[in-house]
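One structure is given here, and the rest of the page talks about it.
Laboratory data are not the source of any read-out in this text; all were calculated from the coordinates shown. These figures come from a predicted structure and were not determined experimentally. FYI the Cβ positions are ideal-geometry reconstructions off the backbone, even for glycines, and counts take in every protein chain you see.
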Protein chains: 2
Amino acid sequence: MSKDERLVKQITPKSEDFSRWYAEIVQKAELADYTPMKGMMVIRPYGYAIWENIQRLMDDRIKATGHVNAYFPLFIPESFLKKEAEHVEGFTPEVAWVTAGGNEELEERLAVRPTSEAIIGYLYSKWIKSWRDLPILYNQWANIVRWEKVTRPFLRTTEFLWQEGHTCHETAQEAEEETLKILAMYKEFCETELAIPVIAGRKTLREKFAGAQMTYAIEALMSDGKALQMGTSHNLGQHFSKAFDIKFEDRNQTLQYVWQTSWGTTTRMVGAVIMAHGDDSGLRLPPRVAPVQVVLIPIAFGNWKETVLPAVLAAQETLKKAGLRVLVDAREEFTPGWKFAEHEMRGVPLRIEIGPRDVKAGQAVFVRRDIKAKEPVPLGELAVRAAAVLDEIQASLYAAALKFQDDNTRVAETYADFKDILENRRGFVKSPWCGGGECEDKIKAETMATIRVIPPDCEGPAAEGRTCISCGREAKAIAYFARAY
Amino acid sequence: MSKDERLVKQITPKSEDFSRWYAEIVQKAELADYTPMKGMMVIRPYGYAIWENIQRLMDDRIKATGHVNAYFPLFIPESFLKKEAEHVEGFTPEVAWVTAGGNEELEERLAVRPTSEAIIGYLYSKWIKSWRDLPILYNQWANIVRWEKVTRPFLRTTEFLWQEGHTCHETAQEAEEETLKILAMYKEFCETELAIPVIAGRKTLREKFAGAQMTYAIEALMSDGKALQMGTSHNLGQHFSKAFDIKFEDRNQTLQYVWQTSWGTTTRMVGAVIMAHGDDSGLRLPPRVAPVQVVLIPIAFGNWKETVLPAVLAAQETLKKAGLRVLVDAREEFTPGWKFAEHEMRGVPLRIEIGPRDVKAGQAVFVRRDIKAKEPVPLGELAVRAAAVLDEIQASLYAAALKFQDDNTRVAETYADFKDILENRRGFVKSPWCGGGECEDKIKAETMATIRVIPPDCEGPAAEGRTCISCGREAKAIAYFARAY
């Protein structure tokens, strides 16, 4: 649609059809679009600007914890992918294969990277010789291809963008510490920047990364009550170092295999922001990742260009100087009401309206996107108040999401209760589990719920005296179950 | 090699074997490494940190000129690539093809993007309807694959990283203005940030981008006298808008095809920095893109940890606060001399040594990487003097490169002179040219020199009364010829 036809229409209410509501926001807020290739999306400038903010804030944390960025090849020879048995089994069904280059058939097929452990393993074996070379703390920002059957913009796409950390350590303990340090960093990132509370813990063996010794994850609850995995951190043990022969001479001149980790977060986080915070008027962006934090809208009456516009432009300067991301929407072909709806759809956290009467009164009108509350603010206090309101919005989005998570985390001690909750209320269900994969499979087949995560304080002692909801045997842990994306 | 074995050895002198010198710097400064896949390199953290600086400085300029970033798919259906006749002919020989995904053969082959005009053209035709949607000023940072036969790290690799701008305009004039604005931006970038002077102008039809109406480029002279194309800016005219049906309703309600441009710079710029500034001790990095601008080296004697180290750490704080990128190299397993050689190899612009006698004298010793000059500086003046010295180094690298370019740009009015210069001196040769492709082909076949660029002031009138060095007919322009990478 051209700008003049592109009226902001009512979107499907979230409560009526969550999937459709999500797809409509993605389109109408111009976050992403479909392409003729199934499951491959294009990230439009507004969506990409959210990703750029996420990227910058995550990259700062990755570097502050001592990691450096590098860039590894897009392709991985098939023989490399086959070196780690679980890895090839897990990823082969999802690989896109390059079989010809420059008019010639290749002798060996090349995988378009579904993840980079295999090519990085080869290079680490070249680079690492001594304990003095350790730890290796590398990260890369890259595109990834996985041939997915069911796709949805941002949440599950054939191509996506991510960061993947790949580290090597002298000891098993250091690798485990790194894995958990990153898990904590991801949790803090989601809660601070995305205003999304998450549950952190380990995955079950069924749900772990193909080739990992142990996978940890953070899981969030979306506002339809389904869980979304927001990031994973894997302790790879020596699985890949043995497969790729990554050895170092230790402090006692003995050759040892390195201990590795890998960890990642993706453009899926943009989808999480939509689903955790959006409402029936569209997106509600957390100010810290919003491309536009404040939109200034002149209310055009009479000689507004002489009276209102200068006040709006002065306000823009003031807010920019205060370090805020500001947009002035002075387009004349749209009414204020049309603009309000558009910027609500795009989730701009704070709208500031200035009309002829406001100029006379020396004030502006603040309208918060999250709760739609109005507040007159003296022009002299714009910057201070805007910064404070943005902080309030960030905190209030987080508080609402946390309340939602608390309200939708329930305990079920029996399978009947468990099924009832999943059928009628969704959310997280905390239930005792025997630790067996068979029970996990059976519960999944019967209820579509999987074990999302087992936090450390839900292991062993926490389950004492309780019985598995599926088999009735002694429980080993209290697991967080949910239906998930 | 492990760190303790990895002694900085003498590299092949530049004058003896330029190619080997280049390859050795890439390896020994740990900028990049080879992979088992021909032509695919891995960019190691130190090389990637240079690229991150380039990226940030370029991205700032791209955004300051009103462009926004987006992300388009990695794959392009073969049928899309075929829509623009010249484009498919130019790129097909270089394409890597995905033919299978997730265990199934694809119905249509997908090209791994060799450039993105074809997929972007399809999307622009969906998004653009009215003159109100114009101009579209998009850029993307992405990886690109071209199946190259002869490769060299950074300069020509099967996969490389780049930014590609893709814009749409209402009129032919606006598109031409955009093309030239970007060309000027690229020139200013290379000269300001990379300290590399470039010649800007148009390409000949033989050398233009496959599908462009006119290609402009910036060309630099490397220190072996060969030219390197540092960036291109294409006026696409309506070639792609007609192929992809990108139409808009103009201000008179008439349907028109949009006018487009595209433009790009790549990781090749890292190679240019090596080749333009490096010397027999290794890299010489321009301070503005150097990952480490200042390396602080304590001279360890006696109780240096009580005397020297605190002074070094205080200096680090002071320099960091002044916004400089600083590294302290206090490793005990290496001698100062070893460290000097390593940081020279890595091109760190400024080395600051502090030893016991310096602490007593309240000073530090500055050593400039570019000219290896030493200078004692009072500890109280560290930050001010370091910033000034870095500016001097940046300016002095540029001045040296400009002098080299001037000294190696010669005029040849006859083919005999032309061949003599190329055979014995290399560099740019400015010669009158008739404008014919046949002469261009003949000169290339006989001398391996191509027309790199024709600056605006070398067109028409500038060539008046002069004759083509190849055919003797009336000259239409004075062209910059050179052997090139």
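Volume per residue of the convex hull around the Cα atoms, evaluated for the range A:269-311, comes out as 86 Å³.
Going through the range A:424-485, which trypsin sites (Lys or Arg not before Pro) have at most 13 other Cβ atoms within 10 Å and a DSSP loop state?
Numbers: sites: A:425, A:426, A:430, A:442, A:444, A:452, A:466, A:473, A:476, A:483; in loops: A:425, A:426, A:466, A:473, A:476, A:483.
Passing sites in the range A:424-485 are A:425.
Distances, shortest first, from the label point of residue A:407 to those at the same position in the other copies read 7.6 nm; the point lies 7 Å along Cα to C-beta. Annotation: lysines with alpha-carbon distance below 18 angstrom to residue B:430 (same-chain offsets under eight excluded): B:203, B:226, B:403, B:419, B:442, B:444, B:476. Measuring between their Cα centroids, the range A:250-296 and the range A:174-198 lie 9 Å from each other. The reciprocal of the average 1/r between distinct C-alpha atoms defines the Kirkwood hydrodynamic radius, which for the range A:409-482 equals 11.7 Å. Taking the label point 7 Å along Cα→Cβ, residue A:471 and its counterparts in the other copies are spaced 8.6 nm apart, in ascending order. So what is log10(I(q)/I(0)) for the range B:236-344 at q = 0.13, 0.17, 0.22 1/Å, when the Debye sum runs over its Cα atoms only? Calculated log10 I(q)/I(0) at the listed q: -0.68, -0.93, -1.18. The spacing between the range B:307-378 and the range A:47-122, judged by their C-alpha centroids, is 38 Å.
Calculation over all alpha carbon pairs of the range B:294-395 in 5 angstrom steps from 0 returns a P(r) of 2, 13, 27, 27, 20, 9, 1, 0 percent.
Counting every other Cβ atom within 10 Å of each residue's Cβ, B:343, A:239 order from fewest to most as A:239, B:343. Within 10 Å of the Cβ of each residue in A:101-108, the mean number of Cβ atoms contributed by other protein chains is 5.
Every helix of 4 or more DSSP H residues in chain B counts as -39500 (n - 2.57), and over all residues that averages to -11000 deg cm²/dmol at 222 nm.
Across all Cα pairs in the range B:18-277, the calculated P(r) in 5 Å bins from zero up to the longest distance comes to 1, 6, 12, 16, 19, 17, 13, 8, 5, 2, 1, 0, 0 percent per bin.
Summing charges over neighbours of residue A:279, with a neighbour being any other residue whose Cβ is under 10 Å away from its Cβ, gives +1 when K and R count +1 and D and E count -1. Compared with the rule-of-thumb size 2.2 N^0.38 Å for a compact globular protein, the protein assembly as shown has a Cα radius of gyration ratio of 1.01.
Could you name the lysines whose alpha carbon sits less than 25 Å from that of residue B:129, not counting residues in the same chain fewer than 8 places away? List returned: A:3, A:9, A:28, A:38, A:339, B:63, B:82, B:83, B:242, B:247. Listed by chain and number, the aspartates and glutamates placed with their C-alpha closer than 16 angstrom to that of residue B:149 are A:104, A:105, A:107, B:94, B:159; residues fewer than eight positions away on the same chain are left out.
For the range A:119-195, the list of trypsin sites (Lys or Arg not before Pro) that fall in a loop by DSSP and count at most 15 other C-beta atoms within 10 angstrom reads A:149.
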